[in-house]
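First up is the structure itself, then whatever we jot down about it.
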């Protein structure tokens, strides 16, 4: 299957539209710099030699997060001149709570993983071709390396609600990023990727990590899923079945990433 697809680099919930954040909030306009897990915060922590965040570094990391958020909020407040300052300040404090909760979660649970790549773009000139039969382009929020073993993991940050059912591999086609991004990262790094994660790094998401192991069984499952989609697209059961397969492919990949550009065919 030849699927050239650019996953959304926006960090939003993949469920019903009513679950998504309003566009005009600070979380939306400043998410690249200000949101929990955002590249701006992680890069500032790296420059301050505060990665990985652990209990010893937590106080400094929290103070730095507050300073970064204050700068980002002030910048966008000046640029946008929000109509209701009280709402803007409430948004800022909600985001501050998210940031502090994310750092506390990282200090307790992720202090043996060190971030090495932020907002890693891939396939810009040429899609990355996986042996599983799919070509991809997109952006990986975070790549981390384990402190004591030669293993990596990838993370896609989410600001929405965590799923009611935690996926084992792809969540019925709704959670393709962990496996696909993990396989892409293996090619980019030339090293094994241990897991891919969706991290719901907010109060709303309960700071919940959804981790999918990139192991042989997961690879086999993904290969079968993509082969089944490919067979549908090939139209082996006739034109009508082929059209239905294309729609299933579009829905499966689109559901994992938001409704972004998709091309499918042979």
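The values are calculated or read from the model by the stated rules, or taken from the named source; none is laboratory data. All values derive from a computational prediction rather than experimental measurement. With ideal geometry, Cβ positions are generated from the backbone for all residues, glycine too; neighbour counts draw on all protein chains shown.
Hey, among 114, 120, which residue is surrounded by fewer than 19 Cβ atoms within 10 Å (Cβ to Cβ), in contact (Cβ under 8 Å) with a residue 12 or more places away in the chain and in a strand (DSSP E or B)?
On the way: 120 fails: surrounded by fewer than 19 Cβ atoms within 10 Å (Cβ to Cβ).
114 is the lone residue from the list that is surrounded by fewer than 19 Cβ atoms within 10 Å (Cβ to Cβ), in contact (Cβ under 8 Å) with a residue 12 or more places away in the chain and in a strand (DSSP E or B).
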Residue in region 101-121 that is touching a strand residue (DSSP E or B) at 6+ places or on another chain (Cβ under 9 Å) and closer than 27 Å to residue 227 by Cβ present: no
Would you check which residues across region 140-163 are over 23 Å from residue 94 (Cα atoms) and not in a strand (DSSP E or B) and list them? 147, 148, 149, 150, 151
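I'm trying to understand the selection: among the residues of region 51-63, which are more than 13 Å from residue 108 (Cβ to Cβ) and either surrounded by 19 or more Cβ atoms within 10 Å (Cβ to Cβ) or over 23 Å from the mean Cα position of the chain (by Cα) (or both)? Don't jump to the end; show me each part of the working.
In the first step, residues of region 51-63 are kept if they are more than 13 Å from residue 108 (Cβ to Cβ); the result is 51, 59-60, 62-63.
Once the filter is applied, which keeps residues that are more than 13 Å from residue 108 (Cβ to Cβ) and either surrounded by 19 or more Cβ atoms within 10 Å (Cβ to Cβ) or over 23 Å from the mean Cα position of the chain (by Cα) (or both), region 51-63 yields 51, 59, 60, 63.
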Quick one: how many residues across region 210-229 are within 30 Å of residue 97 (Cα to Cα) and buried (at least 19 other Cβ atoms within 10 Å of the Cβ)? 2
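How many of the residues in region 215-234 are out of contact with any strand residue (DSSP E or B) (no Cβ under 7 Å at 6 or more places or on another chain) and under 23 Å from residue 192 (Cβ atoms)?
Number satisfying all stated conditions: 10.
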Filtering region 123-139 for residues that are touching a strand residue (DSSP E or B) at 6+ places or on another chain (Cβ under 6 Å) and either assigned to a loop (DSSP other than H, G, I, E, B) or at pLDDT 95 or above (or both) leaves a count of 2
